[in-house]
Amino acid sequence: MREPPRPRTIIEPFKIKVVEPLAIRSRPEREGFLARAGWNLFQVPSESVTFDFLTDSGTSAMSAAQWGAMMVADESYAGSRSFARFEAAVRKLTGYPHVIPTHQGRAAERLLFSLLIRPGCAVPSNNHFDTTRANIEQLGGEAVDLVVAEGRDPASRHPFKGNVDLARLDRFCAENRARIPLGMLTITNNTGGGQPVSLANLHGASEVYRRHGIPFVLDACRFAENSYLVKLREDGQGGRSPREIARETFELADGCLVSAKKDGLVNIGGFLALRDDRWVERARSLLILTEGFPTYGGLAARDLEALAVGLEEVLDERYLDYRLAVTRYLAEGLNRAGIPTVQPPGGHAVYVDARALLPHVPPERFPGQALACEMYLAEGIRACEIGSVMFGRNEGGSFRPAAMELVRLAIPRRVYTQSHVDYVIEGMAGIAARIGELRGLRLVRDPPYLRHFTASFEPV
Ligand SMILES: *Cc1c(COP(=O)(O)O)cnc(C)c1O
């Protein structure tokens, strides 16, 4: 990877106008919260969490300009000035003329997919995000993941581990053309912590889909982070602006689904944007049925104002330089403390490899969950297990572990400072130094669906 050497510290490119106290608690207090939560971090109160890395979704800090825009919003039911402003921002970003606001990303998914997907359909992508997959499967479709082999290898340092395998994509499209109503790519690829897709790969996928006559829709929640990783890592892209790269990305597709809770820099919102009008009328009719009138789509006008400003701010180079430096800085700090992470760090998250860090805890004792719980108890850090709690299964009395035991630290945008990250790295180094003392957990309540949200555990 040819990321340039850094002569100076990369600073937060903002000063702080509004502050919120960090919740600082003692270990005995957190022990009480965790025991009452059944050793499940989705069940602890957020007031007991000092550093919350559970998700980067909807957790961004908004700017003074965004809060200011919210105050001048036009809350008219129809024809709102705020909608016009939001629509102009999305058109400027994507070049797509048809813009449909939704309350978040999955609502845009449901709108589009309910028009296109029937039982037996298949939708290829690099990796589908879990709500995208669920919305496809709920309609009887099949969500097909065709990421490159490097994308499935945590140790590979390939710069674009979000790329789709173009040869497999071409073959899949040739063999299944009649049942593919649309093809997708997720940028960045959420699986693996926001691994980017190269512009070359986007061109390749666009060409494959076009040749087979398949409409191409981007899941573009992290379009700005993807564009900046292209600038940093792809040959010939270093001199371009993130906006130019984003524009070229959108030009390669026929439309996009966006959860604005990520690179929209807002706490709620999303949209569906489309190049031509073949689906627009039916999508708007469905929107009116379940989300709201086409000029607000389940949001308040003030949300549309904040989003219009956020879509501008997120493409600022200083912001993106800082954003990706934080992710890299956290990963490198953990690696220096002997904590292995998925390589290379992507856009929005760092994944700790708990199987490698806790080789003495077998998968049926949930090494990822044990580590996440100790991070909370020792330092007030909340992270998310992505391992055998989330994906392991009990089948006929025998335990089937997940492919990897990971703990994800997803980094909220513009929320924590470098000294916060330094403190987290120090705390994690302390945990790593006594990692042999961790014993793992026993599952005591195993709900049938999405068990990571509500399962209970006991220390062994
Ligand atoms: C968050 C996310 C979604 C779903 O968006 P919501 O706003 O949470 O409904 C879809 N795809 C990707 C890649 C995401 O990260």
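Leaving out same-chain residues fewer than 8 places away, which lysines sit with a Cα under 29 Å from that of residue 161?
In chain and number order, the partners are 92, 231, 261, 262.
Quick check on the chain: of the DSSP beta bridges with both residues there, what percent are antiparallel, nearest 5%?
Looking only at bridges with both residues in the chain, the antiparallel portion is about 70 percent.
Given segment 120-238, what percent of its DSSP beta bridges are antiparallel, to the nearest 5?
Rounded to the nearest five, the antiparallel share is 20 percent.
At 1.4 Å probe size, what's the solvent-accessible area of residue 357? Round to the nearest 10 Å².
20 Å²
Kindly report the accessible area of the chain per residue (heavy atoms of protein chains, probe 1.4 Å, no ligands, DNA or RNA), in Å².
With the other protein chains kept in place, the chain gives 41 Å² per residue.
Which shape class, rounded, prolate or oblate, goes with segment 289-434 when its Cα gyration tensor gives a ≥ b ≥ c as root eigenvalues, a/c under 1.5 marks rounded, and past that a/b bigger than b/c marks prolate?
oblate
Only helical DSSP H runs with n ≥ 4 go in: add -39500 (n - 2.57) per run for the chain, normalise by residue count and round the 222 nm mean residue ellipticity to 500 deg cm²/dmol.
-12000 deg cm²/dmol
Relative to the Cα centre, what is the charge dipole magnitude of segment 64-313, using +1 at the beta carbon of each Lys and Arg, -1 at the beta carbon of each Asp and Glu, and rounding to the nearest 20 debye?
180 debye
What is the magnitude of the charge dipole of segment 149-188 about its Cα centre, with +1 placed on the Cβ of each Lys and Arg, -1 on the Cβ of each Asp and Glu, and no other charges, expressed in debye to the nearest 20?
Working: 7 positive and 5 negative charges, 15 e Å.
Here the size comes out at about 80 debye.
Suppose we keep just the DSSP beta bridges with both residues in segment 64-313; what percent of those would be antiparallel, to 5?
Of all bridge pairs located within segment 64-313, approximately 50 percent are antiparallel.
For residue 425, what accessible surface area do you get with a 1.4 Å probe? Give it in Å², rounded to 10.
For residue 425, solvent-accessible area is about 20 Å².
What is segment 283-361's relative contact order, in percent, from Cα pairs under 8 angstrom and six or more apart in sequence?
Numbers: 47 pairs, mean separation 13.0, N = 79.
Reported as a whole number, the value is 16 percent.
Explain nothing, just the number: dipole magnitude of the chain about its Cα centre with +1 on each Lys and Arg Cβ and -1 on each Asp and Glu Cβ, in debye rounded to the nearest 20. List each step's numbers first, then the result.
Numbers: 56 positive and 55 negative charges, 34 e Å.
The calculated dipole for the chain is roughly 160 debye.
Compute the long axis of helix 166-176 from its Cα atoms, compare it with the longest principal axis of the Cα atoms of the chain, and write down the angle in degrees, 0 to 90, nearest 10.
Roughly 60 degrees between the two axes.
Starting from the Cα-Cα distance between residue 419 and residue 174, subtract it from 0.36 nm times their residue separation and give me the gain in nm to one decimal.
On the way: separation 245, 0.36 × 245 = 88.20 nm, distance 5.23 nm.
Extra length available between residue 419 and residue 174 comes to 83.0 nm.
What is the angle, in °, between the Cα long axis of helix 105-116 and the longest principal axis of the Cα atoms in the chain? Nearest 10 is fine, range 0 to 90.
The answer is roughly 50 degrees.
Please arrange 26, 198 by accessible surface area, largest first, computed with a 1.4 Å probe and ligands excluded.
Ranked list, largest accessible area first: 26, 198.
Of the options 181, 26, 418, report the single residue whose Cα projects farthest towards the positive end of the charge dipole of the chain (beta-carbon charges: Lys, Arg +1; Asp, Glu -1).
Positive-most Cα among the choices belongs to 181.
Carbon and sulfur together cover what percent of the accessible area of segment 64-313 at a 1.4 Å probe radius?
Roughly 53 percent, rounded to a whole number.
Which semi-axes, in whole Å and largest first, does the equivalent ellipsoid of segment 64-313 have when worked out from the alpha carbon gyration tensor as the square roots of 5 times its eigenvalues?
Equivalent ellipsoid of segment 64-313: 29, 22, 15 Å, largest first.
Compute, for residue 70, the solvent-accessible surface of its heavy atoms (probe 1.4 Å) with the complete set of protein chains present, and express it in square angstrom to the nearest 10.
Answer for residue 70: close to 40 Å² accessible.
With the contact rule set at Cα under 8 Å and sequence spacing of 6 or more, what percent relative contact order holds for the chain? Please list the in-between numbers first.
On the way: 952 pairs, mean separation 103.5, N = 460.
Relative contact order comes out at 23 percent.
On the principal axes of its Cα set, how long, how wide and how thick is the chain? Give whole Å, largest value first.
60, 54, 46
Which listed residue (229, 286, 373) has the Cα farthest towards the positive end of the charge dipole for the chain, taking +1 on Lys and Arg C-beta and -1 on Asp and Glu C-beta about the Cα centre?
The residue sitting farthest along the positive end of the dipole is 229.
At q = 0.11 Å⁻¹, what is the base-10 log of I(q)/I(0) for segment 117-253 according to the Debye formula with one equal point scatterer per Cα and no solvent? Please give it to two decimals.
The Debye formula, applied to the Cα set alone, gives -0.36.
Over all alpha-carbon pairs of segment 1-104, lay out the pair-distance distribution in 10 Å bins, whole %, shortest bin first.
P(r) for segment 1-104, in whole percents per bin: 10, 23, 24, 26, 15, 2.
The values are calculated or read from the model by the stated rules, or taken from the named source; none is laboratory data. Nothing here was measured: the structure is a model prediction, and the numbers come from that model. When we count neighbours, we look across all protein chains shown, and the Cβ atoms used for this are built from the backbone with ideal geometry, even at glycine. Surface accessibility is based on the protein's heavy atoms, side chains included, excluding ligands, DNA and RNA. Shrake-Rupley method; radii C 1.70, N 1.55, O 1.52, S 1.80 Å.
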